[in-house]
Amino acid sequence: MTENEDVQPLEHIVKGAGLVFSGLIASKLLTWIYKVFIARYFGAADYGLFTLALVVVGLFAMFARLGLHSGLVRFVPFYNAKNDKRRILGSIKFSLKIVSFVSVFFSLILLIFSEQIAIMAFHNASLSHVMQIIALSLPAVCLFYIINFLFVGFKKVKYQVYSEHIFSNVAKIIFVIVFGIMGLGVYGIAWSYSLAMILTFFLGVYFFEKKHIFGVVTSKIKPIYINRELLSFSIPLVLAGIAGFIISSVDTLMLGFFKTMVDVGIYNASLTIAQILGAVPGALLTLFLPVITELYSKKKRWKGVYKTVFKWVVYLNIPLFGVFVFFPSQIMNFIFGPEYLPGYLTLVFLSIAIFVMSLSIFFSNILSVLKKTKIISVIITFSALVNFFLNWMLIPIYGTVGAAIASAITYIVGFCLYFLISWKLTKTSPFSFDILKSIFALILSVLVVNFVPRLFFTNFVHLYIPLLIIFLLLYSFLTLLMKGLDENDIAILKIIEGRIGIKSGFLRKIIKKFI
């Protein structure tokens, strides 16, 4: 990969990812505040009840979107590269109209039949009212989802950061604190979510129309509708999206069916922590697909970009993965408190699951660029069946740990399928010897941090925070020492330094000594 040919698209990804990553960090922090407040103030049972209701309504939302968000994020950058605004407008108008109708229909279904769902499936009448409150926001959630993906398609991710990552989470926190003080209990949690998402939808509409991203209402352009092409791309992804949703949420549903609301709460607390491993890939992949799609449509080099972004995701995720796997009880206790300590082993397996999943997304993105959406559907559907079967077998015996093991096995199976098929189609693998170096650096850092203190202390619980810092520093040093970075990474560091205001090349000067 040469700097002249590949650094420009990489620069676009890194610059956008810098903002998105900052937004995701803020979002994770605000989400923690929101969920930790619920977990500590309302308890594991109410937290589990709210989470279960959210999953049930989310499943209906998955149907209501019809996969059109994925179609838009594919076709908007494709036609944008060709400056075909008429087809872009036609795609957007059609998607918003059909999602509006279907989401209202499903919202009414939930409002009418929520009691039957709550009692027959989960044996908990209180779940009915929580689902009804959340169902009121279903149309707003679905339409905002479409708008959110349009922000990505037009590479205006700052509006996604402002609305989804910042505003919605701040609104949730404010509402849940107010309703908690008012003594509304779990219904206050549900209202905090619904009101926040309805307001976020209106903010998204404001950004899209008033900030001149692509005015749907005010546009004078006569749209060209590509309904058949859009649906033929999107509809196969409906089953894939639902299957993906089942993979990520059937564990919660089955825990609600086989176990208690407390188990649901503890499991989702562990999942909330493990999902931090999705922050780095989420930031980079937000712009990865549109950029790769443009390069592919213009017949330009894209494989070098693919390899470099993948490598950086692995490098940045491995230390976090090590922290969650080797310090699980400390992390659980620090974030959610002693009531959630039984979930420490659950956190270990969920961390494995999310880490593997974060890598699988790259290969599914490549298949999407190649328009192999049917293959994606088959893989996700197969993985969903595997996950369903494993959860059915393991949850009654092992509870939350069984659900986490099922997720880990499922994502590993999906990873293998995605990788093998994408490699066969592109003859390109993003793996390199440098990635093996980072894994070796992780193992060596863990061994040092875990065994050296035992030579000097019989009890070193009080040293966990210093040891955590030493672990991260040691991993970074070993990665440099083993020459895990190359000249292409230096080019990216130059971009990063410019974004954070470092002009002297301090980071690059240090790293160049090791390559």
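Details
- Test: F321 is touching a residue at least 12 places away in the same chain (Cβ under 8 Å), in contact with a helix residue (DSSP H, G or I) (Cβ under 6 Å, 6 or more places away or on another chain) and closer than 24 Å to K427 by Cα: no
- Candidate set: segment 171-211, residues that are at pLDDT 90 or above and hydroxyl-bearing (S, T, Y); chosen: the one nearest to G48 (Cα to Cα): Y187
- Annotation: N83 fulfils all but one of (1) over 20 Å from I133 (Cβ atoms); (2) at pLDDT 85 or above; (3) not β-branched (V, I, T); the unmet one is (2).
Quick grid of which residues meet (1) surrounded by 15 or more Cβ atoms within 10 Å (Cβ to Cβ); (2) over 23 Å from F258 (Cβ atoms):
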{"position": "I379", "(1), (2)": "yes, yes"}
{"position": "F388", "(1), (2)": "yes, no"}
{"position": "W392", "(1), (2)": "yes, no"}
{"position": "G399", "(1), (2)": "yes, no"}
{"position": "S407", "(1), (2)": "yes, no"}
{"position": "L420", "(1), (2)": "no, yes"}
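- Every residue from segment 142-173 that is among the β-branched types (V, I, T) and over 14 Å from S95 (Cα atoms): V152, V157, V161, I166, V170, I173
- Hits in segment 39-61 - residues which are surrounded by fewer than 22 Cβ atoms within 10 Å (Cβ to Cβ) and either within 14 Å of G188 (Cα to Cα) or at pLDDT below 85 (or both): R40, Y41, F42, G43, L54
- Any hit, segment 393-403, residues being out of contact with any Ser or Thr (no Cβ under 7 Å at 6 or more places or on another chain), of a type outside the set (D, E, K, R), under 15 Å from V356 (Cβ atoms) and in contact (Cβ under 8 Å) with a residue 40 or more places away in the chain: no
- Any hit, segment 108-123, residues being among the charged types (D, E, K, R), in a helix (DSSP H, G or I) and either within 21 Å of L66 (Cα to Cα) or without any contact (Cβ under 8 Å) to a residue 60 or more places away in the chain (or both): yes
- Among (1) surrounded by fewer than 20 Cβ atoms within 10 Å (Cβ to Cβ); (2) at pLDDT below 85; (3) of a type in the set (A, V, I, L, M, F, W, C) - the single one V73 does not satisfy: (1)
- Qualifying positions in segment 86-109 - closer than 15 Å to A61 by Cα and in contact with a Phe, Trp or Tyr (Cβ under 6 Å, 6 or more places away or on another chain): F106
- Qualifying residue in segment 214-227 (condition: hydrophobic (A, V, I, L, M, F, W, C) and modelled with pLDDT of 75 or more): no
- Given (1) at pLDDT below 75; (2) polar (S, T, N, Q); (3) within 22 Å of F388 (Cβ to Cβ), number of the condition T260 does not satisfy: (1)
- Conditions (1) among the aliphatic types (A, V, I, L, M); (2) at pLDDT 90 or above; (3) under 23 Å from F208 (Cβ atoms); number of the one not met by L96: (2)
- Within segment 180-191, being free of Cβ contacts under 8 Å to residues at least 40 places away in the same chain and buried (at least 19 other Cβ atoms within 10 Å of the Cβ) holds for one residue alone: G188.
- Verdict on I98 being surrounded by 15 or more Cβ atoms within 10 Å (Cβ to Cβ), in contact with a helix residue (DSSP H, G or I) (Cβ under 9 Å, 6 or more places away or on another chain) and touching a residue at least 60 places away in the same chain (Cβ under 8 Å): no
- Selected residue (criterion: modelled with the highest pLDDT) from residues of segment 1-38 that are among the hydroxyl-bearing types (S, T, Y), in a helix (DSSP H, G or I) and surrounded by fewer than 22 Cβ atoms within 10 Å (Cβ to Cβ): T31
The values are calculated or read from the model by the stated rules, or taken from the named source; none is laboratory data. Predicted model, so just to flag it, every value in this text is computed and none were measured. Glycine also receives a Cβ, built like all others from the backbone with ideal geometry; neighbour counts cover every protein chain displayed.
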